[in-house]
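Q: I have a structure here, written as structure tokens, and I will follow up with some questions on it.
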Amino acid sequence: MINGNVIFSDENEEFSTFIKNAYKFLKTDYPKFFKMDNLSKLAFLAADVLLKSENLNEEENNIALIFSNKASSLNTDRKHQASIENEAEYFPSPAVFVYTLPNICLGEISIKRKLYSENSFFIFDRFNAEHLQLYANNLLRSEKTEKVLCGWVDFDENSYEAFLYLVEKEGKIEHNTEEINRLYNIL
Amino acid sequence: MARTFISYNNILSSLGFDSETVVENISKGISGLEKYDDASLLPEPFCASMISSEKIKNEFNKIGDASKFTKLEQMLILSLKKVIDTSNIPLNESVGLLISTTKGNIDVLEKNSNFPESRAYLSELGKTIQNFFNFKNEAIVISNACVSGVLAISVAKRFILEGKYDHVFITSGDLVTKFILSGFNSFQALSAEPCKPYDKDRLGINLGEVAASVLVTSSAENLPKEAVEILGDATCNDANHISGPSRTGEGLFRSVKAALKEANMTANEIDYISAHGTATPFNDEMEAVAFSRLGMEKVPMNSLKGYFGHTLGASGLLETIVGMHSIERNILFSSKGFSELGVSKKMNIILTNTPKILNTFLKTASGFGGCNTAVIFKNTNN
């Protein structure tokens, strides 16, 4: 859903099928996508939908990323833990381990869109509009960034959720916690 | 514009349970690294800096019931308590709590853990610390790979400048676990010998565990003698690779540039660099390229990984605290493990402890996900 309009829906409850169908529908064409873990796939595609319409520069862009969630990278952490739990089946993989950090998805987005920008990943118990808003304001006010892509990207055992919004100095919706929460609650 | 300072501080590590003892040990050249051969942690021998669980438990039992808290929680609480107690700041609505960690209580995922899996959620770790001290504000957790500890300083500063808090307590920590060891080992990034940052014979990383805590405050009153002012800070992504550093040091170069710009300083006004220096071939080379591009080849620099190992989400905060004490004492500490330069650009790596009048220092860190953070500090004595 972008700006309240559904652009793609899929009844498929299985995340891997859903995200693959969304990837195809959005004509993303980015082979690295298939190496990503679920959190990165979710964050990457959600960000790509928004950034696609931003007429970005091919060389570099200054868009800060302030992401947050509850489950950190636990979905992949469990996978890495399972690969080392038993001596007989001890096969830790660097391709899995690298995704045991929540901010890796920020790296994936930065690589695709050439964002040499501020990155930070916060963990909150629930969506926390106030801290995202304050932090984004500070980056804009101090001129560390031109725009900020903020939001909540959570992937856990039985649920997933992505809500991202772009903040810049001019626009139609005022950047305050009431509006951010209103948009989040449309989800 | 409002000013921000790093004030009271604590380091809990194998080199001691308070900053002064730890810094004293560093000044004597003592390292916390030891060789281990423990198949329950890693199938092969490794070198790390670890703190005995028994020692932590005995210390914790003086202030609470250790059986109710994980090892990491005990470490963070013990470390933070010293900072809260010495600062004497009442924990009211104007006081924030930041926690910096990469993996938190990840060891509770092990099948023989005494704690429920829910303890692995970093927000639960936040609540545990918050409730122990009765903070009025919800804990905010930062988990941004190996820059987390130094990024936490930026975050504290930014929330203070936005008027959200007057004071922010930061506590940071990570454990040396089977999870972390197996992962870094799968990257073939571990050295079984004590690490040698920037040296021609460097073989890779040693991991370490510490808890480090500070008070970040907007008040210039009641500061300890090692307090520093935060002059500028920035985080920049390499936009290059998720697990390999950029060959051009792009993100590190840009983050230092941006921090200097905010501090309104030039590169030659930095007296000392506390760099990241993990002792992997690629990381150290990347730093050499970035500092060379910045024209900072001559600035005295060290990596403290030879004393503590790589302490992940705590490393940036830990190394900032040591830097604060270093400039307060006007001594450049030797970069332990270094003897002969093994990178392609010139660097001024500190070989032996050297007295020098120090006013400013730069702390940098780089991590997975392509992130790089730089913060510039100035002493508050002059």
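The values are calculated or read from the model by the stated rules, or taken from the named source; none is laboratory data. It should be emphasised that the depicted structure is a prediction, and the values quoted were computed from it without experimental measurement. As a convention, Cβ positions derive from the backbone with ideal geometry for all residues, glycine included, and neighbour counts pool all protein chains shown.
Q: Would you be able to say whether some residue in the stretch B:79-93 is buried (at least 24 other Cβ atoms within 10 Å of the Cβ) and within 23 Å of B:E328 (Cβ to Cβ)? Before the answer, list the steps.
A: First, the residues of the stretch B:79-93 that are buried (at least 24 other Cβ atoms within 10 Å of the Cβ): B:79-80.
When the remaining residues are screened for being within 23 Å of B:E328 (Cβ to Cβ), the result is B:79-80.
Yes.
Q: Moving on to the next point. Which residues, taken from the stretch A:98-127, are more than 7 Å from chain B (Cβ to nearest Cβ) and part of a helix (DSSP H, G or I)? Don't jump to the end; show me each part of the working.
A: So the first thing to find is which residues in the stretch A:98-127 are more than 7 Å from chain B (Cβ to nearest Cβ), and the list is A:99, A:105, A:109, A:112-113, A:126-127.
A:C105, A:I109, A:K112, A:R113 - these are the residues of the stretch A:98-127 that are more than 7 Å from chain B (Cβ to nearest Cβ) and part of a helix (DSSP H, G or I).
Q: What tally of residues in the stretch A:27-54 results from selecting those that are of a type outside the set (S, T, N, Q), within 18 Å of A:Y165 (Cα to Cα) and in contact with a helix residue (DSSP H, G or I) (Cβ under 8 Å, 6 or more places away or on another chain)?
A: 9
Q: Quick check on my filter: what residues within the stretch B:162-189 are in contact with a strand residue (DSSP E or B) (Cβ under 6 Å, 6 or more places away or on another chain) and not β-branched (V, I, T)?
A: The answer is B:Y165, B:H167, B:F169, B:S172, B:G173, B:F184, B:A189.
Q: Further question: In the stretch B:153-176, what residues are surrounded by fewer than 24 Cβ atoms within 10 Å (Cβ to Cβ), outside any strand (DSSP E or B) and not charged (D, E, K, R)?
A: Within the stretch B:153-176, B:F159, B:L161, B:G163, B:Y165 meet the criteria.
Q: Criterion first (modelled with pLDDT of 95 or more, in contact with a Leu (Cβ under 8 Å, 6 or more places away or on another chain) and closer than 24 Å to B:I242 by Cα) does A:I123 satisfy it?
A: Answer is yes for this residue.
Q: While we're here: What's the number of the condition A:E130 fails, among (1) touching a residue at least 60 places away in the same chain (Cβ under 8 Å); (2) within 13 Å of another protein chain (Cβ to nearest Cβ); (3) surrounded by fewer than 19 Cβ atoms within 10 Å (Cβ to Cβ); (4) not aromatic (F, W, Y)?
A: (1)
Q: With respect to A:E13, determine if the residue is at pLDDT below 90, surrounded by 13 or more Cβ atoms within 10 Å (Cβ to Cβ) and more than 26 Å from B:V155 (Cα to Cα).
A: no
Each row is one residue, and each column tells you yes or no for (1) surrounded by fewer than 21 Cβ atoms within 10 Å (Cβ to Cβ); (2) within 29 Å of B:L15 (Cβ to Cβ).
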| position | (1), (2) |
| --- | --- |
| B:L207 | no, yes |
| B:A234 | no, no |
| B:P245 | no, yes |
| B:K257 | yes, no |
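Q: Which ones in the stretch B:276-298 are within 16 Å of B:F338 (Cα to Cα) and either in contact with an Asp or Glu (Cβ under 7 Å, 6 or more places away or on another chain) or in contact (Cβ under 8 Å) with a residue 60 or more places away in the chain (or both)?
A: Scanning the stretch B:276-298 gives B:H276, B:G277, B:T278, B:A279, B:T280, B:P281, B:N283, B:D284, B:E287, B:A288.
Q: Taking only the stretch B:330-382 into account, find how many residues are over 16 Å from B:D271 (Cα atoms), of a type in the set (V, I, T) and either surrounded by 23 or more Cβ atoms within 10 Å (Cβ to Cβ) or outside the structural domain of B:V289 (by TED's automatic domain parsing) (or both).
A: Residues meeting the conditions: 1.
Q: Is it the case that some residue within the stretch A:139-147 is among the small types (G, A, S) and either crowded, with 19+ Cβ neighbours inside 10 Å or more than 8 Å from chain B (Cβ to nearest Cβ) (or both)?
A: Checked against the condition, which is being among the small types (G, A, S) and either crowded, with 19+ Cβ neighbours inside 10 Å or more than 8 Å from chain B (Cβ to nearest Cβ) (or both), the stretch A:139-147 yields no hits at all.
Q: Could I ask something else about it? Please go through the stretch B:186-203 and give me each residue that is over 24 Å from B:V23 (Cα atoms) and either surrounded by fewer than 22 Cβ atoms within 10 Å (Cβ to Cβ) or away from every other protein chain (no Cβ under 14 Å) (or both), ordered by number.
A: Within the stretch B:186-203, B:S186, B:F187, B:Q188, B:A189, B:S191, B:A192, B:K200, B:D201, B:R202, B:L203 meet the criteria.
Q: Scan the stretch B:347-358 and tell me whether some residue there is within 14 Å of another protein chain (Cβ to nearest Cβ) and either touching a strand residue (DSSP E or B) at 6+ places or on another chain (Cβ under 6 Å) or in contact (Cβ under 8 Å) with a residue 60 or more places away in the chain (or both).
A: Scanning the stretch B:347-358 turns up no residue that is within 14 Å of another protein chain (Cβ to nearest Cβ) and either touching a strand residue (DSSP E or B) at 6+ places or on another chain (Cβ under 6 Å) or in contact (Cβ under 8 Å) with a residue 60 or more places away in the chain (or both).
Q: Can I ask one more? Which members of the stretch B:247-261 meet the condition of being at the interface with chain A (Cβ under 10 Å from one of its Cβ atoms) and polar (S, T, N, Q)?
A: B:S255
Q: Which condition from (1) more than 14 Å from chain A (Cβ to nearest Cβ); (2) in a loop (DSSP other than H, G, I, E, B) is the one that B:N240 breaks?
A: (1)
Q: Go over the candidates B:K103, B:K82, B:K111 one by one and state the one that is over 30 Å from A:E157 (Cβ atoms) and of a type outside the set (S, T, N, Q).
A: After applying the criteria, what remains is B:K82.
Q: Suppose we filter the stretch A:1-24 for residues that are part of a loop (DSSP other than H, G, I, E, B) and of a type in the set (K, R); how many remain? If you could, list the steps in order and put the result at the bottom.
A: Let us first name the residues in the stretch A:1-24 that are part of a loop (DSSP other than H, G, I, E, B), namely A:1, A:3-4, A:6-14.
Still in the running and of a type in the set (K, R): none.
Final tally of qualifying residues: 0.
Q: I would also like to ask the following. Residue check: is A:L164 more than 7 Å from chain B (Cβ to nearest Cβ), assigned to a helix (DSSP H, G or I) and touching a helix residue (DSSP H, G or I) at 6+ places or on another chain (Cβ under 9 Å)?
A: no
Q: Kindly provide the set of residues from the stretch A:65-97 that are at the interface with chain B (Cβ under 9 Å from one of its Cβ atoms) and in contact with a strand residue (DSSP E or B) (Cβ under 7 Å, 6 or more places away or on another chain), ordered by number.
A: Matches in the stretch A:65-97: A:L65, A:K70, A:A71, A:S72.
Q: Would you check if B:K305 is over 26 Å from A:N103 (Cβ atoms) and not assigned by TED's automatic domain parsing to the domain that holds B:G204?
A: No; evaluated as a whole, the condition is false for this residue.
Q: Now, a different point. Can we say B:I180 is under 21 Å from the mean Cα position of the chain (by Cα), of a type outside the set (S, T, N, Q), surrounded by 24 or more Cβ atoms within 10 Å (Cβ to Cβ) and part of a helix (DSSP H, G or I)? Steps first, answer last, please.
A: Working: under 21 Å from the mean Cα position of the chain (by Cα): yes; of a type outside the set (S, T, N, Q): yes; surrounded by 24 or more Cβ atoms within 10 Å (Cβ to Cβ): yes; part of a helix (DSSP H, G or I): yes.
When the stated conditions are applied, B:I180 passes them.
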